[in-house]
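The values are calculated or read from the model by the stated rules, or taken from the named source; none is laboratory data. Owing to the predicted nature of the structure, the values given are computational and were not obtained by experimental measurement. Note: ideal-geometry Cβ built from the backbone for every residue, glycine included; neighbour counts use all protein chains shown.
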């Protein structure tokens with residue numbers, strides 16, 4: 001069995017950062033003199049790449065940051081960081097002390113980053129400064145840190161996975177509507193595959209995307225990847241079934257193209273929007289689909305399939321996806337950081353920003369805007385509120401994404417190269433990933 005250097009390096013870096021001493025961690029920029037009582041007039045903000053490009057994010061965010069500066073007199077230095085390097089940048093900041101004042105984090109990382117001690121805890125007093133916890137949807141708050149502890153961050157964008165399907169391709173193939181079970185999805189995918197086209201596009205080269213689908217399918221097979229004490233349980237029978245089922249979309253069912261094993265930068269959205277694939281599993285993809293030339297009336301959105309009609313956790317159709325806004329605990333501008341978080345989570349900004357990104361506002365009052373009544377967002381909002389589950393809020397969650405996601409990537413590479421993916425080969429990869437957690 002192959003073991004990639006990238007996996008070893010990423011795991012070692014992650015482990016080192018998560019065990020680093022963070023008491024000296026602090027970020028921020030201040031234009032006031034040391035010892036002065038003047039309020040610092042500048043903040044540093046690390047934003048995640050939410051739009052179709054870094055330039056798109058700057059186009060969306062810059063006017064809002066100017067508005068904040070006009071209201072408060074506080075200038076915001078913006079850096080938009082791609083997802084493939086964001087976690088590494090954050091972990092480096094927690095160990096070096098060279099971080100921003102405010103930053104976006106993937107909500108699945110909340111408990112892991114909380115464990116470093118680098119982020120400001122959002123206790124009742126801090127939450128009161130931004131209107132209180134009741135402003136946010138329960139599903140979004142469930143992904144802000146470990147249970148029983150003050151949140152490590154507050155929600156800013158909510159997302160959910162949906163099944164996007166090409167209406168014309170479905171009609172031409174004689175498929176009546178979107179599949180509701182995975183068996184139906186495979187059957188539909190085979191009808192759509194041929195003449196250089198495939199039934200489904202998957203992002204097999206992206207560990208984070210892989211880990212999300214492993215978790216969703218894991219829930220459907222009764223697996224959590226961590227036991228009740230927070231210890232990893234990556235190679236349970238349910239987890240093995242979940243990962244094999246996902247990889248089999250390429251390996252056995254052959255409804256995804258072999259090249260998908262290397263996809264890691266939204267190539268799936270391009271293939272879907274240009275008619276090379278009939279289906280797509282993605283989080284709130286409308287903005288990116290539009291940027292690739294596909295009109296909204298040319299596709300439909302439905303909940304992800306389940307194993308069979310049912311309820312409870314086995315009916316999970318998405319992880320609680322989204323972005324949280326965090327403050328570095330030792331920022332030299334805590335008041336300014338609080339004002340910035342209050343501004344970014346205000347009803348008005350929530351409507352503006354989530355509409356621009358095709359996301360769902362985690363602030364309930366902002367959801368009433370007509371911008372969030374589109375057919376796709378109605379489906380995704382229903383999934384998020386009724387059929388989603390947060391990834392395990394344990395300190396090792398981000399290592400789970402790296403290790404299980406990379407193991408799944410290795411299996412996709414095997415499938416693309418013509419090597420057989422079996423239950424045993426999946427179990428070996430997941431067992432090896434679990435062993436890496438203990439190093």
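Identify, please: which residue in the range 151-165 is under 20 Å from residue 191 (Cα atoms) and surrounded by 24 or more Cβ atoms within 10 Å (Cβ to Cβ) and is, among those, nearest to the chain's Cα centre (by Cα)?
Within the range 151-165, the match that is nearest to the chain's Cα centre (by Cα) is 164.
Exactly one of (1) under 29 Å from residue 315 (Cα atoms); (2) in contact (Cβ under 8 Å) with a residue 24 or more places away in the chain; (3) surrounded by fewer than 17 Cβ atoms within 10 Å (Cβ to Cβ); (4) out of contact with any helix residue (DSSP H, G or I) (no Cβ under 8 Å at 6 or more places or on another chain) is unmet by residue 79. Its number?
Every condition holds for residue 79 apart from (1).
Taking residue 139 as the residue in question, decide whether it is under 23 Å from residue 230 (Cα atoms), surrounded by 22 or more Cβ atoms within 10 Å (Cβ to Cβ) and at pLDDT below 95.
When the stated conditions are applied, residue 139 passes them.
Consider residue 407 carefully, then state whether it is in a helix (DSSP H, G or I) and surrounded by fewer than 24 Cβ atoms within 10 Å (Cβ to Cβ).
no
Consider residue 85 carefully, then state whether it is touching a strand residue (DSSP E or B) at 6+ places or on another chain (Cβ under 8 Å), at pLDDT below 95, assigned to a helix (DSSP H, G or I) and assigned by TED's automatic domain parsing to the domain that holds residue 48.
no
For (1) within 24 Å of residue 364 (Cβ to Cβ); (2) in a loop (DSSP other than H, G, I, E, B); (3) at pLDDT 95 or above, each residue gets a yes or a no:
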residue	(1), (2), (3)
309	no, yes, no
313	no, no, no
323	yes, no, yes
332	no, yes, no
337	yes, no, yes
340	yes, no, yes
348	yes, no, yes
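Under 21 Å from the mean Cα position of the chain (by Cα) and under 17 Å from residue 316 (Cβ atoms): which single residue out of 264, 214 fits that description?
Criteria check complete, one pass: 214.
Quick one: is residue 192 touching a strand residue (DSSP E or B) at 6+ places or on another chain (Cβ under 7 Å), surrounded by fewer than 24 Cβ atoms within 10 Å (Cβ to Cβ) and modelled with pLDDT of 95 or more?
yes
So is residue 337 in the same structural domain as residue 135 (by TED's automatic domain parsing) and surrounded by 24 or more Cβ atoms within 10 Å (Cβ to Cβ) or not?
Yes, satisfied.
Within the range 239-261, can you find the residues that are in a loop (DSSP other than H, G, I, E, B) and within 23 Å of the chain's Cα centre (by Cα)?
256
Given the structure, is residue 253 touching a helix residue (DSSP H, G or I) at 6+ places or on another chain (Cβ under 8 Å), within 14 Å of residue 427 (Cβ to Cβ) and modelled with pLDDT of 95 or more?
Criteria not met by residue 253.
Consider the range 93-118. How many of its residues are part of a helix (DSSP H, G or I) and surrounded by fewer than 16 Cβ atoms within 10 Å (Cβ to Cβ)?
Total meeting the criteria: 1.
Based on what the data block shows, is residue 302 modelled with pLDDT of 95 or more, over 15 Å from the mean Cα position of the chain (by Cα) and not assigned by TED's automatic domain parsing to the domain that holds residue 113?
So residue 302 fits the description; yes.
Out of the residues in the range 270-281 meeting the condition of being in contact (Cβ under 8 Å) with a residue 40 or more places away in the chain and assigned to a helix (DSSP H, G or I), tell me which one is farthest from residue 304 (Cα to Cα).
Going through the qualifying residues, I end up with 271.
Any residue that is under 27 Å from residue 384 (Cα atoms), under 19 Å from the mean Cα position of the chain (by Cα) and in contact (Cβ under 8 Å) with a residue 40 or more places away in the chain - is there at least one of those in the range 169-177?
No, the range 169-177 has no match at all.
Listed here are the residues, each with its yes/no results for (1) modelled with pLDDT under 95; (2) touching a helix residue (DSSP H, G or I) at 6+ places or on another chain (Cβ under 7 Å); (3) over 20 Å from residue 206 (Cα atoms); (4) outside any helix (DSSP H, G or I).
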position: 376; (1), (2), (3), (4): yes, yes, yes, no
position: 383; (1), (2), (3), (4): no, no, yes, no
position: 395; (1), (2), (3), (4): yes, yes, yes, yes
position: 399; (1), (2), (3), (4): yes, yes, no, no
position: 413; (1), (2), (3), (4): no, yes, no, no
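Kindly provide the set of residues from the range 225-249 that are within 17 Å of residue 281 (Cβ to Cβ) and in contact with a strand residue (DSSP E or B) (Cβ under 9 Å, 6 or more places away or on another chain), ordered by number.
Scanning the range 225-249 gives a single hit, 249.
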